[in-house]
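The values are calculated or read from the model by the stated rules, or taken from the named source; none is laboratory data. All values reported here derive from a predicted model rather than from experimental measurement. When we count neighbours, we look across all protein chains shown, and the Cβ atoms used for this are built from the backbone with ideal geometry, even at glycine.
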Amino acid sequence: MGNSEEARAARRVLLGRIVGVHGLRGEVKIESYTEPRLAIFDYSPWLLETAPGVVEKIGNAQGRVQGKGVVAALGFDDRDAAAKLIGARIFVSRSVLPELQDEFYQEDLAGLEVVNQAGVSFGKISHLFDTGANLVLVTKDKDGREHLIPYVPDVYVKAVDLDAGCITVDWEEDF
């Protein structure tokens, strides 16, 4: 396994967040980013980030659909203990996710350098966000400028090379 693969495996992947409490027995409402939303329970252990740098490991989260949301039991006995978790982000180690063939996770793109077909660098990907129509790559160049590039394969994104740490785009330098 190469260094870039080891670095990817060591990363955490965001799967959801705790948005409220449910009932009196310590259950929490979660917003799941997995598809289907109950697939969030297929991955373990959860790493709950309750504050920057503060992570609590939850080994066996269980849950169910409740109305339009998802409710999880995390081993807390009362509502007050669960309420302290509101806002916590739910991560898992990248290494617990299945390997993909000819695909990759969004998290795998973080830190890759983005260059256009003329070899002009737009910097490294700091993060991505979803517009509803498509994802957008947010890069920061060496001067600290941000560039927003739509992640539309075969239109703007021409190649993704995880091993080389580079994405090639069809994007003009001054756009």
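Tell me the residue from ASP174, ASP80, ASP163, ASP130 that is over 21 Å from the mean Cα position of the chain (by Cα) and outside the structural domain of GLU31 (by TED's automatic domain parsing), please.
ASP174
When you look at GLU35, is it more than 27 Å from VAL157 (Cβ to Cβ), acidic (Asp, Glu) and outside the structural domain of GLY165 (by TED's automatic domain parsing), yes or no? Lay out the reasoning, then the answer.
Values: more than 27 Å from VAL157 (Cβ to Cβ): no; acidic (Asp, Glu): yes; outside the structural domain of GLY165 (by TED's automatic domain parsing): yes.
No; evaluated as a whole, the condition is false for this residue.
Which one of LEU112, LEU135 is closer than 27 Å to GLY16 by Cα, outside the structural domain of ALA39 (by TED's automatic domain parsing) and touching a Cys at 6+ places or on another chain (Cβ under 8 Å)?
LEU112
Give me the pairs: first residue in the stretch 13-36 and free of Cβ contacts under 8 Å to residues at least 24 places away in the same chain, second residue buried (at least 19 other Cβ atoms within 10 Å of the Cβ) and assigned to a strand (DSSP E or B), beta-carbon distance under 7 Å, and six or more apart or on different chains, which are they?
TYR33/LEU15; TYR33/GLY16; THR34/LEU15
If you go through the stretch 96-110 one residue at a time, how many are within 13 Å of the chain's Cα centre (by Cα) and more than 16 Å from PRO153 (Cα to Cα)? Steps first, answer last, please.
Filtering the stretch 96-110 down to residues within 13 Å of the chain's Cα centre (by Cα) leaves 97, 104-110.
This time we only want the ones that are more than 16 Å from PRO153 (Cα to Cα), so: 97, 107, 110.
Matching residues across the stretch 96-110 total 3.
Would you point out which residue out of ASP102, ASP143, ASP161 is over 30 Å from LYS29 (Cβ atoms) and touching a Ser or Thr at 6+ places or on another chain (Cβ under 9 Å)? Before the answer, list the steps.
On the way: ASP102 fails: touching a Ser or Thr at 6+ places or on another chain (Cβ under 9 Å); ASP143 fails: touching a Ser or Thr at 6+ places or on another chain (Cβ under 9 Å).
Residue meeting the stated conditions: ASP161.
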